[in-house]
Amino acid sequence: MPATSFSLHGIGVSGGIAIGYAHLASNARVEVPQYMLDRKYIKDELARFDEAIMATRAELENLREHIPSNAPAELSAFLDMHLMFLGDSMIAEEPKRLIRETQCNAEWALAQQMEALVARFEEIDDPYLRSRQEDVVQVVQRVLKALMGHPSHLPLDVDFDSERILVAHELTPADMVIFKNVHFAAFITDLGGATSHTAILARSMAMPSVMALHTARGLIRDHDLLIVDGRDGVVIVNPDESVLAEYRLRQNQWRIDTDKLKRLKSSKSATLDGTPVELMANIELLDDIDAVKAAGAQGVGLFRSEFLFLNRDDLPDEEEQFESYKAVAEALDGKPVTIRTLDLGADKQAPWGHTVADNPALGLRAIRLCLAEPGLFHTQLRAILRASAHGRVRMLIPMLASFTELRQSLQRIDEAKASLRKDGLKFDEGIPIGGMIEVPAAALSAAFFAEQLDFLSIGTNDLIQYTLAIDRADDSVAHLYDPLNPAVLGLVQQTIRAGAKAGKPVSVCGEMAGDPLLTRLLLGLGLRSFSMHPASLLQVKQQVLKSHIEDVTPIAQKLLKNIDPEKTAALLARLNG
Ligand code: PEP
Ligand code: MG
C-alpha cells in the first residue's frame, strides 16, 4: 500500500526546493550515525566506546588544568561537574549494554541512553536539578564527537549519497554549525522563528528550510519521501508522482534562476540613476569567506564573532581569536571586515555561560555580558585590535542601549589599546568603532550614538523583536513579527537620517537587508549600505540595479505613514512592481 500523502505548513526561512528522504534527529544535539553491527565487530565497538570515554576524560582534565585567568568563575565548577557525569555508570557503562544486546553502533547507543536520561531529568520537580540535563547533553556531545572522529565498521548497505532531509523538533545555532559539515539537502523543525539565529544560519548555508511546523517530528517517519519548499514554507510528505514531477520542475527552474544571477557578480552595484549602493556580507566563521567572494561582496559588514565560542567548553584565548580574526582580515584582500564583539546570550548560549535567565533576550546578553566580564572582553578587544594590523578591520559593539554602556565600551577599548602599546604590539590606531542600533532606545537616541561613534549598523532582527515585544525565536508569535510595522520603519529611517546628519555611514545588517522584497523600501528610506548573508546578495543586487531612487522614495515614505496591513501589502506590491 503506498504511504499516505499529506502536507504541513510552517514558515519558509530559506529558499529553494529540496526533495529527499526524512532523517529524524534524535534529541542528541549532534546528529549521529545509526546502524546495526555484525556480531563479530561488537568487541571492537565496545573498545572504541571505552577509548572515546577515556579521550573525553583526558580532554576535560586538560581543560581544567588550563583555564585562562580571564575565564568566568563558573568554568571550573562546570568542568568538575562534567567529569563527574562522565564517570557515572549511566554514561560510561550503560551504552555498552545496549551495544551488546541490540548490536547498535556506539554513537546510537549513547544517543539512546542520553534520551533516556534526559527524560528522567524532565520528571524532576526542582528546576535547578532539572536543568542539569543540559550538562548531560553536553558531556554526551563531547563523547560523540570523540567517537565520530574514529568511525567504526560501517555496514555496506548504508547509502550516504542519497539526499537526506533532517527533521528535528528544535535546532540551536550551535547545532547548525555542526551541520555545516554534515550534508543534508534541507532541514525542517517544529519550533523556531524566521529571524532566529538558526534560521539565519540556514539562509547563509543556502539550505531550503521550513520552521514552526509544530508536529513534523511526530508525524513524519524515518525514510518518508519529502518535498521541502523553503520559499512558501510547505513540506509535502510522501507526494504522489504528479506532485513530485511538478516540484522537480520547480527545483530546476530555481537552479536556473540562481545560476543566471551569478552573471551579476562583477557588475557595479548602483541604482538606475547612478546612486552607488554598498553590498556587504554577514559571516559566522572563516569558512564563509568563499561564499563572500563568490557573491562579489564589497566586504564583510557583520562578522558574528560569538560563533567561535560555541560548541566548546573552553574559551578561545587571545592568540586563537587573533589568528581567526587575522585570517578573515587577510582573506578579504584589502576589503573591510566588521568584527562584532561577542553577542552571546539569548539563543546563543555558551556552555560555560551564566545561568539562563527567564527572559534571556532581555538579560545579560551581548555588550551587557562583556561589560560584566571585563577579562573576557579585554581578551577579545586585544585580539580584534591586533588583527587590525593585518587588514581593514572595523569593530562593532552589539546591543548598546544607553550612554553608560557606550562610554564604558569606549573606555574598555582605550584600555585594550593602551595595553597593546605597552606590550609593543601593533594595531590600527584609527580603527573605526561602530555601534549596532538594535534596541529602540538606541534608535531614538541615534543622533547621539552617531556623534560618538564612527559608523552605525542597524540590527533589524533585534530592533523588530524589541520594538514589537516579539521573541524572534518563538514560533507561536512569529506571525506578529512584522518588519513593515511603521514604528519599526520609523526607527530605521530616523537612524539613517541621524547618521547622514552626523556624516557617519549607516548600514542595515539584519535580515531585512537580505530580503529582496524589501530592498526598494530600504532604498526609499535612504539606506545606501546593506549587509546580508552572501546567499541572497545577488538577488538584492538585482533589485538595486532595477531601481530608481526617485521612484522608490515617495512610496517608501507612504509606507512609513501607513498602519493598515492591507494597504501596506498593496504599497509594497506597487514598490516592487
Ligand atoms: C540583528 O539583530 O539584526 C543582527 C544583525 O544581529 P543578530 O541577528 O546576530 O542578533
Ligand atoms: Mg542582534
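The values are calculated or read from the model by the stated rules, or taken from the named source; none is laboratory data. Here the structure is a predicted model, which means the values were calculated and not measured. Virtual Cβ from ideal backbone geometry, glycine too; neighbours counted across all protein chains shown. Heavy atoms of the whole protein, side chains included, go into the accessibility calculation; ligands, DNA and RNA do not. Shrake-Rupley method; radii C 1.70, N 1.55, O 1.52, S 1.80 Å.
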Please specify each residue of region 304-323 satisfying the condition of being touching a helix residue (DSSP H, G or I) at 6+ places or on another chain (Cβ under 6 Å) and modelled with pLDDT of 95 or more.
Glu318, Gln321, Phe322
Check whether at least one residue in region 208-218 is touching a residue at least 12 places away in the same chain (Cβ under 8 Å), open to solvent by 10 Å² or more (accessible area, probe 1.4 Å) and among the hydrophobic types (A, V, I, L, M, F, W, C), and report yes or no.
no
Hey, could you check region 69-120 for residues that are of a type in the set (Lys, Arg) and within 22 Å of Leu46 (Cβ to Cβ) and say which is most open to solvent (accessible area, probe 1.4 Å)?
Arg100
From Arg382, Arg340, grab the single residue that is in contact (Cβ under 8 Å) with a residue 60 or more places away in the chain and over 22 Å from Pro505 (Cβ atoms).
Arg382
Out of the helices (runs of 4 or more DSSP H) lying entirely within region 331-433, which hold 2 or more residues that are open to solvent by 60 Å² or more (accessible area, probe 1.4 Å)?
374-387, 403-423
Do we find a residue being surrounded by fewer than 17 Cβ atoms within 10 Å (Cβ to Cβ) and closer than 21 Å to Phe303 by Cα anywhere in region 440-455?
yes
Any idea how many residues of region 398-427 are over 24 Å from the mean Cα position of the chain (by Cα) and closer than 30 Å to Val492 by Cβ?
12
Helices (runs of 4 or more DSSP H) within region 478-577 that include 2 or more residues open to solvent by less than 10 Å² (accessible area, probe 1.4 Å) and closer than 24 Å to Asp454 by Cα
486-502, 519-524
Got at least one residue in region 461-473 being away from ligand 2 (no atom under 13 Å from the Cβ), of a type in the set (A, V, I, L, M, F, W, C), over 17 Å from Leu527 (Cα atoms) and open to solvent by 20 Å² or more (accessible area, probe 1.4 Å)?
yes
The residue from Pro516, Pro505, Pro440, Pro483 that alone is within 14 Å of ligand 1 (Cβ to nearest atom), without any contact (Cβ under 8 Å) to a residue 60 or more places away in the chain and over 20 Å from Ala401 (Cβ atoms) is Pro483
Of everything in region 280-331, what is small (Gly, Ala, Ser) and over 25 Å from Leu171 (Cα atoms)? Give them in sequence order.
Ala294, Ala295, Gly296, Ala297, Gly299, Gly301, Ser324, Ala327, Ala329, Ala331
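Results for (1) in contact (Cβ under 8 Å) with a residue 60 or more places away in the chain; (2) open to solvent by less than 70 Å² (accessible area, probe 1.4 Å), shown as yes or no for each residue.
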| site | (1), (2) |
| --- | --- |
| Ile200 | yes, yes |
| Ser204 | yes, yes |
| Ile220 | yes, yes |
| Arg231 | yes, no |
| Val234 | yes, yes |
| Glu241 | no, no |
| Leu244 | yes, yes |
| Lys268 | no, no |
| Asp287 | yes, no |
List every residue pair whose Cβ atoms lie under 7 Å apart, where the two residues are 6 or more positions apart in sequence or sit on different chains, the first residue falls within region 417-437 and is closer than 20 Å to Lys335 by Cα, and the second residue, located anywhere, is away from ligand 2 (no atom under 16 Å from the Cβ) and small (Gly, Ala, Ser).
Lys426/Ala389; Phe427/Ser388; Phe427/Ala389; Asp428/Ser388; Asp428/Ala389; Ile431/Ser388
Here are the criteria: (1) within 23 Å of Pro516 (Cα to Cα); (2) at pLDDT 85 or above. Tell me which single one Ile236 does not satisfy.
(1)
Count, please, the residues in region 364-373 that happen to be away from ligand 2 (no atom under 16 Å from the Cβ) and at pLDDT below 95.
2
Scanning region 274-310 for residues that are closer than 15 Å to Gln542 by Cα and assigned to a strand (DSSP E or B) gives Pro276, Glu278, Leu279, Met280
Among the listed residues Ala327, Ala401, Ala361, Ala331, which satisfies the condition of being at pLDDT 95 or above, over 23 Å from Pro534 (Cα atoms) and outside the structural domain of Ala199 (by TED's automatic domain parsing)?
Ala401
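I'm trying to understand the selection: among the residues of region 93-140, which are in a helix (DSSP H, G or I) and of a type in the set (D, E, K, R)?
Matches in region 93-140: Glu94, Lys96, Arg97, Arg100, Glu101, Glu107, Glu115, Arg120, Glu122, Arg130, Glu134, Asp135.
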Cβ-Cβ below 6 Å, separation at least six or inter-chain, first residue in region 1-25 and within 24 Å of Gly193 (Cβ to Cβ), second surrounded by 20 or more Cβ atoms within 10 Å (Cβ to Cβ) and polar (S, T, N, Q): which pairs?
Val13/Ser209; Ser14/Ser209
Can you tell me which residue within region 281-302, out of those that are under 14 Å from Ser457 (Cβ atoms) and not β-branched (Val, Ile, Thr), is nearest to ligand 2 (Cβ to nearest atom)?
Leu302
Can you find a residue in region 386-397 that is within 14 Å of ligand 1 (Cβ to nearest atom) and outside the structural domain of Thr215 (by TED's automatic domain parsing)?
yes
